Structures are given as structure tokens and as C-alpha cells.
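Just below is one structure, and these are the notes that go with it.
The values are calculated or read from the model by the stated rules, or taken from the named source; none is laboratory data. Keep in mind that what you see is a predicted model, and the values were worked out from it rather than measured. FYI the Cβ positions are ideal-geometry reconstructions off the backbone, even for glycines, and counts take in every protein chain you see. Please note that ligands, DNA and RNA were not included when accessible areas were found on the heavy atoms of the full protein model with its side chains. Shrake-Rupley method; radii C 1.70, N 1.55, O 1.52, S 1.80 Å.
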Amino acid sequence: QVQLVESGGALVQPGGSLRLSCAASGVQLSRNTISWYRQTPGKERSFVAIITAGGSTNYADSVKGRFSISRDNAKNTVSLQMNTLKPEDTAVYYCMVRKYGVDYWGQGTQVTVSS
């Protein structure tokens with residue numbers, strides 16, 4: 001049974017930083033591609049960042065240079081370091097792993113950027 005649990009969301013002021021974490025069970029993250037997505041009310045989930053099993057990363061243009069995705073194989077977690085946050089980064093953030101053609105999602109964690 002694959003389970004993903006996100007944590008680290010909070011209310012932060014513009015320009016601030018947050019670090020989100022995605023803890024996994026039932027799947028070895030080091031052997032899979034992990035993605036972060038975000039969603040705001042009334043909109044579809046949008047891609048934020050991805051890290052492959054080989055360690056390659058890619059980011060949405062809107063977060064390049066501000067966000068960084070990384071993986072801790074020993075803890076079986078993937079993190080998303082978010083710097084220089086903007087109000088438009090406000091969303092529920094989800095991690096996702098695809099295993100045997102099935103997408104598994106966490107429950108999400110709320111990030112609110114506001115003064």
C-alpha cells in the first residue's frame with residue numbers, strides 16, 4: 001500500500017521561505033520519479049517540480065530559481081525548498097509518485113503567502 005504524507009505548509013509573509021516534506025511508505029522513492037503539484041480553488045493541479053530516480057530535476061517556469069526539490073533516500077522523503085515566496089504561490093501542495101502506471105497522491109499541505 002503506497003502512502004504519501006505531505007507536511008510543512010504554513011502561513012508565511014511574501015519573501016519568506018518554507019520547506020515542504022513528502023514522506024512515503026510502500027514505495028522506495030529513490031527508485032521512482034517524484035513530483036510536486038499545487039492547486040488553488042477552482043483550478044486544476046499544476047506541475048511545480050520533479051525529481052527522477054537518477055536525480056535529474058525540472059521546475060515550472062514560475063518557480064525556477066526560487067524552489068528546489070531534493071530527496072533523502074535514508075528517510076525515504078522528498079522535500080521542496082521554497083524561497084522568495086510570492087502571494088501567487090498560495091495553494092495546496094501535493095506530492096505524487098507513479099508506481100506501475102498508477103499515480104499516488106498525498107492529502108496535500110496548505111501554503112499561504114500573505115502579509
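Within the range 29-48, the set of residues being assigned to a loop (DSSP other than H, G, I, E, B), over 15 Å from residue 102 (Cβ atoms) and open to solvent by 50 Å² or more (accessible area, probe 1.4 Å) comprises 41, 42, 43, 44, 45. Restricting the range 60-78 to residues that are assigned to a strand (DSSP E or B) and among the small types (Gly, Ala, Ser) leaves a set whose member that is surrounded by the fewest Cβ atoms within 10 Å (Cβ to Cβ) is 70. Any chance the range 79-88 includes a residue that's of a type outside the set (Phe, Trp, Tyr), surrounded by 15 or more Cβ atoms within 10 Å (Cβ to Cβ) and in a helix (DSSP H, G or I)? No, there is no match, as no residue in the range 79-88 is of a type outside the set (Phe, Trp, Tyr), surrounded by 15 or more Cβ atoms within 10 Å (Cβ to Cβ) and in a helix (DSSP H, G or I).
Of all residues in the range 55-92, exactly one satisfies the criterion of being among the small types (Gly, Ala, Ser) and touching a residue at least 60 places away in the same chain (Cβ under 8 Å), namely 79. In the set (1) polar (S, T, N, Q); (2) open to solvent by 60 Å² or more (accessible area, probe 1.4 Å); (3) not in a loop (DSSP other than H, G, I, E, B), residue 1 fails one condition alone, (3).
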